[in-house]
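> This is the structure I have questions about; it appears just below.
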């Protein structure tokens, strides 16, 4: 076959998600990034600032010797990010598991765990909060949230109310077994209230995975959590998805409401709300097919003071196994959005997206967010939505932090003058069925360059790994392909379209 390759500059923009972009800058081989969280600030649609916090682990061999909290920011819907990560907390040994939120005044808050050695050499794990009032440029000194007598906390979540108060909940081992505790700040994180227990569990098993939300219009404090319950049938005690609500701004919490009706376990519940609805989701063992995990959602109607029935978010026809239920976001147009980590037999591990336009009663089909279907180990997606309904998703894969969005406008921009093409000295070139790819950019001194270009077909499937220099493409069938460049400074628009003709 005699083939000709026509190279066009293009931006991958469709009604779906653009190619994933790596947003961290931890390029040393002994660094791995995990546990990312995303928040969105006030502003006009597609110009609302995006803030991401994540954990950066430094390793020696297989051992993690230190964990730090890092920060990234975008002010253009994720097209560009800060050229360097901002260090929020250098762990005295391990600073980890951050969460992030913003208030209506544009302040940014990050909460995280920190393993601190006391003067006697005993390691205590405490919960800290820091604030930025200038969009992440400078940060306040971290302050403790948990009571000083507490020795071990974990898995924290933070939200801001319309009045500026902050609400935080976490897993806490102060009584031996873990329970869900909370605290409130009325002075933008400077001081925090005495801790209040949220859950009403009476078993000798651990609660976990607290997630918080402040209901607009009511300032009711909502906590979704994984809580054990006793049952007469086997298994006698199993994990369930519960929702707790405080109507007095965190002073007290009512009895928990079990969300799931699974017969084995439920885990990783999440919650969002508007004035008239509370929407939760959770994962668990489906009742009809053993060892198969699905995600369900359930809606509370405030005016009727009643819960709707559980509805499926994921389909058994699509899934082989679901590892992590979807974090939730609610946008200004009233839609509910979820990002899930899915494993299925056809595609492997993927980050998927679904939405609901009726407050969680019905859900769209799952859409795969990530372009690279071959990358393994995608975990813990987090999602936010802007006021126009565009969504922004971050997740962890291969020790890196990845981002994608559906906020880019529809269509593929391919117009470029001959002068612009000649001036593009970093573009791939094609001569006699050989795709020549120049080396792109630089990275800071002392770091390891990250350059993982690949050739994708029109469906986003990787068909060829590329290397700087000559790449033989004679085996490719005629069609449309895309060169995606993944490196230190690559962004979603750094994608080249290639048309292969006979």
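> Compute the separation of the alpha-carbon centres of the stretch 66-98 and the stretch 243-300 and state it in Å as a whole number.
Value for the Cα centre distance between the two parts: 30 Å.
> Work out the P(r) tail for the stretch 94-147: percent of alpha carbon pairs separated by more than 13 Å, whole number.
Summing the P(r) of the stretch 94-147 above 13 Å gives 62 percent of all pairs.
> Using 0.36 nm per residue of separation minus the Cα-Cα distance, give me the extension gain between residue 63 and residue 149 in nm, one decimal.
Taking 0.36 nm per residue and subtracting the Cα distance, the gain is 28.0 nm.
> Let me ask something else about it. Quick one: P(r) of the stretch 102-222 from all Cα-Cα pairs, 5 Å bins, percents rounded to integers, in order of increasing distance.
With a bin width of 5 Å, the distribution comes to 2, 11, 21, 23, 19, 13, 7, 3, 1, 0.
> Can you figure out the FRET efficiency of residue 206 with residue 436, using R₀ = 45 Å and their beta-carbon distance, to the nearest 0.05?
FRET efficiency, residue 206 to residue 436: 0.20.
> What is the order of 455, 115, fewest Cβ neighbours within 10 Å to most?
With the fewest neighbours first, 455, 115 line up as 115, 455.
> Three principal axis extents, largest first, for the C-alpha atoms of the stretch 167-267, in Å?
Here the Cα extents, ordered largest to smallest, are 48, 32, 18 Å.
> At residue 362 and residue 84, where each label point lies 7 Å from the Cα along Cα→Cβ, what is the point-to-point distance in nanometres?
5.3 nm
> Test of understanding: what is the full-extension gain from residue 303 to residue 477, defined as 0.36 nm times their sequence separation minus their Cα-Cα distance?
56.8 nm
> Kirkwood hydrodynamic radius (Cα pairs, Å) of the stretch 116-184?
13.5 Å is the Kirkwood radius here.
> Under 4 °C and 1.567 mPa s, how fast does the stretch 59-142 diffuse according to Stokes-Einstein, given a Kirkwood radius computed over C-alpha pairs? Answer in µm²/s, whole number.
91 µm²/s
> Another question about this same structure. Checking a compactness column here: for the stretch 154-198, what do you get for Rg(Cα) / (2.2 N^0.38 Å), N being the number of residues?
Normalised Cα radius of gyration, the stretch 154-198: 1.18.
Where a number appears in this text, it was derived from the coordinates with a stated rule and is not lab data. Fair warning: this is a prediction, and the values are worked out from it, not measured in the lab. FYI the Cβ positions are ideal-geometry reconstructions off the backbone, even for glycines, and counts take in every protein chain you see.
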